[in-house]
1. Would you list, by chain and number, the aspartates and glutamates whose Cα falls below 15 Å from the Cα of Lys115, excluding same-chain residues fewer than 8 positions away?
2. Could you work out how far apart the two model spin labels at Gln160 and Ala123 are, taking each label as a point 7 Å from the Cα in the direction of the beta carbon, and quote it in nm?
3. If R0 is 30 Å, what FRET efficiency do you get for Lys171 and Ser101 from their C-beta distance, rounded to 0.05?
4. Dipole of segment 68-127, Cα-centred, from +1 at each Lys and Arg C-beta and -1 at each Asp and Glu C-beta, to the nearest 20 debye?
5. Express in nm, to one decimal, how much length is gained between Ala194 and Arg137 on full extension, taking 0.36 nm for each residue of separation and deducting their alpha carbon distance.
6. Can you give me the % of accessible surface on segment 129-222 that is carbon or sulfur? Probe 1.4 Å, all protein chains present, nothing else counted.
7. Please identify every one of the trypsin sites (Lys or Arg not before Pro) in segment 115-211 that sits in a loop by DSSP and has no more than 12 other beta carbons within 10 Å of its own beta carbon.
8. Taking the highest mean first, how do the peptides 124-132, 212-220, 198-206 order by number of other beta carbon atoms within 10 angstrom per residue?
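The values are calculated or read from the model by the stated rules, or taken from the named source; none is laboratory data. Predicted, not measured: the structure shown is a model, and the values here were computed from it. Don't worry about glycine lacking a Cβ; one is built from the backbone with ideal geometry, like all the others, and counts go over all protein chains shown. Surface accessibility is based on the protein's heavy atoms, side chains included, excluding ligands, DNA and RNA. Shrake-Rupley method; radii C 1.70, N 1.55, O 1.52, S 1.80 Å.
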Amino acid sequence: MLKRLSEYGVGWSPQRRITVIAVGLACLLAIAAATAYLTGRNDQPSPAPSTPSRAHSSAPKVTAPTSETGSVPRPPRISDPVAFAKAAAGMLWSYDTRTTSHAQQLTGMEAWMTKESQYRDWASVSAQMPDPVLWTRMADQKQHADGVATEGHYPAAFKQALTENPSEITKAYIYAVTVTGWQTIAWAKGGGGAEDRSITLAVQCRPSADCSLVAIAPRVAP
């Protein structure tokens, strides 16, 4: 049985990890220096950033995919970090090799990324994809998966770092969000299965702007 799409991650590249950390993870590094996962922020366009509070927002509806992205939906136009992270996790845990090519899947995933090159870590996101050869083998088996994000929250270390140094968030407005849910996989001849999933994402939600994906952490932050 072929692995699910979300198992192909290899973590951040060293250069991108340093870039993201430098922007706002200094406090978080004090708690997770070895893993150095990501920076975060709580996007409420509210004054004086303090401890995030919209961790239980419901996931938004994503818009329909296009011919360029196959089954991958376009990112929702929302400004809530947790809601966006839940939608992004659902997107990352879902794929359909029956209707979507390898190139379409990558194009669809990249559409969720921030346009700010100094922060985006496309390598950590594209690493979730199997290589073209494996994708073709998955397509031969008509493999497809549906991901559902059931809960999202700001990691404890991120909330503590934000409390200790709230001004850090205004440098890049990048938030750390951990999402849990499940992934259901199916393939030819009635094969299938389901597993619990969890992921920590860095999402950028600048005031008066839609959220976007920055990176995927190499480890899940509680």
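1. The qualifying aspartates and glutamates are Asp210.
2. 2.9
3. 0.20
4. For segment 68-127, the charge dipole is close to 120 debye.
5. Value of the extension gain: 18.5 nm.
6. About 51 percent, which is the carbon plus sulfur part of the accessible surface.
7. Here the trypsin sites (Lys or Arg not before Pro) that fit, given the DSSP loop and packing criteria, are Lys115.
8. So the order, starting with the most tightly packed, is 198-206, 212-220, 124-132.
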